[in-house]
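Notes follow once the structure below has been shown.
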Amino acid sequence: MDQEIEAKFYLQDLAAFRQRLMAAGARLIQPRVQEINLRFDTPQRDLSRKAQVLRLRQDEAAHLTFKGPGALEGGVLARQEIEFEVSDFAAARRFLEALGYRVYTTYEKIRETFMLAGVKISLDEMPFGTFTELEGPNPEAIWKLAESLGLVWERRITVSYLELFAQLKTRLALPFDDLTFEAFRELTIRPEDLSVQPADKY
């Protein structure tokens, strides 16, 4: 089923949370890898106005993704997601540009992915902090695993990384449009700058 159901949490200690995952028996399904993500839209930002996402991602492979508008279900974000692998990242970009789409932002992420209790757990190193995303078949499975891993459910984040970035840009008057490690190299970002609280208790 082409649906994404997930909850995101800010972590103050990514290494400690990873150890907790391993102790709980989590299975590594994707080693740590750096991603480059390109977000596309029309020059008029038609997709953004409809809360839709068109993304091309490069990690160990290239993936093309469409996401529909999100809605909160059982306290987690649910939205339509259609994603598939493409054989050539550069050709896929040219294809989208030939259709009239343009890259309006680039963002980077370092991600490691595990499975535990039927839930996919991503450990994300973003230019502005560290996070975990829990993606599962239903809100209850996500909530149960979050509780078992010691995450404070009330501190979950229900917006995307780019929405956090947009809020941060406004709050700190950042002069750049891309969410890259190089852009943030000289900056120290606190949880309060992102309007989030650490969800790991230890």
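Just so it is clear, none of the values below were taken in a lab; they were calculated from the coordinates. Quick caveat, the model's predicted, so the values are computed rather than measured. Cβ sites come from the backbone with ideal geometry, for glycine too, and all protein chains shown count toward neighbours.
For every residue, the table says whether it meets (1) farther than 30 Å from Arg190 by Cα; (2) surrounded by 12 or more Cβ atoms within 10 Å (Cβ to Cβ).
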residue: Gln80; (1), (2): yes, yes
residue: Ala91; (1), (2): yes, no
residue: Leu96; (1), (2): yes, yes
residue: Val103; (1), (2): no, yes
residue: Glu108; (1), (2): no, yes
residue: Thr113; (1), (2): no, yes
residue: Ser122; (1), (2): no, yes
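Of all the criteria given as (1) over 19 Å from Ile110 (Cβ atoms); (2) out of contact with any Gly (no Cβ under 6 Å at 6 or more places or on another chain); (3) not small (Gly, Ala, Ser), the one not satisfied by Asp178 is (1).
For the stretch 93-116, check the following and say yes or no: at least one residue is in contact with a Leu (Cβ under 8 Å, 6 or more places away or on another chain), of a type outside the set (Ser, Thr, Tyr) and more than 23 Å from Asp178 (Cβ to Cβ). There is at least one residue in the stretch 93-116 that is in contact with a Leu (Cβ under 8 Å, 6 or more places away or on another chain), of a type outside the set (Ser, Thr, Tyr) and more than 23 Å from Asp178 (Cβ to Cβ). Selection of the stretch 165-202 for residues being among the acidic types (Asp, Glu), over 22 Å from Gln34 (Cβ atoms) and surrounded by fewer than 16 Cβ atoms within 10 Å (Cβ to Cβ) yields only Glu192.
Taking Ser87 as the residue in question, decide whether it is surrounded by fewer than 20 Cβ atoms within 10 Å (Cβ to Cβ), in contact (Cβ under 8 Å) with a residue 12 or more places away in the chain, polar (S, T, N, Q) and under 22 Å from Gly75 (Cβ atoms).
no
Identify all residues within the stretch 163-189 that are farther than 29 Å from Met22 by Cα, not acidic (Asp, Glu) and not in a loop (DSSP other than H, G, I, E, B); write none if there are none. Hits for the stretch 163-189 are Phe165, Ala166, Gln167, Leu168, Lys169, Thr170, Arg171, Leu172, Leu179. Of all residues in the stretch 134-161, those satisfying the criterion of being under 16 Å from Asp124 (Cβ atoms) and part of a loop (DSSP other than H, G, I, E, B) are Leu149, Arg156, Thr158, Val159, Ser160.
Residues that are free of Cβ contacts under 8 Å to residues at least 40 places away in the same chain and more than 17 Å from Val159 (Cα to Cα) were ranked within the stretch 48-72; the one that is surrounded by the most Cβ atoms within 10 Å (Cβ to Cβ) is Arg57. Across the stretch 1-47, the qualifying residues are those that are within 26 Å of Ile189 (Cα to Cα) and without any contact (Cβ under 8 Å) to a residue 12 or more places away in the chain, and the one among them that is surrounded by the fewest Cβ atoms within 10 Å (Cβ to Cβ) is Ala15. The single residue among Ala166, Ala141, Ala183, Ala173 that is small (Gly, Ala, Ser) and in contact (Cβ under 8 Å) with a residue 40 or more places away in the chain turns out to be Ala183. Filtering the stretch 190-202 to residues that are in a helix (DSSP H, G or I) and either within 15 Å of the chain's Cα centre (by Cα) or free of Cβ contacts under 8 Å to residues at least 24 places away in the same chain (or both) leaves only Glu192.
Surrounded by 13 or more Cβ atoms within 10 Å (Cβ to Cβ) and farther than 17 Å from Leu11 by Cβ, is that true of Leu162? Spelling it out, Leu162 is indeed surrounded by 13 or more Cβ atoms within 10 Å (Cβ to Cβ) and farther than 17 Å from Leu11 by Cβ.
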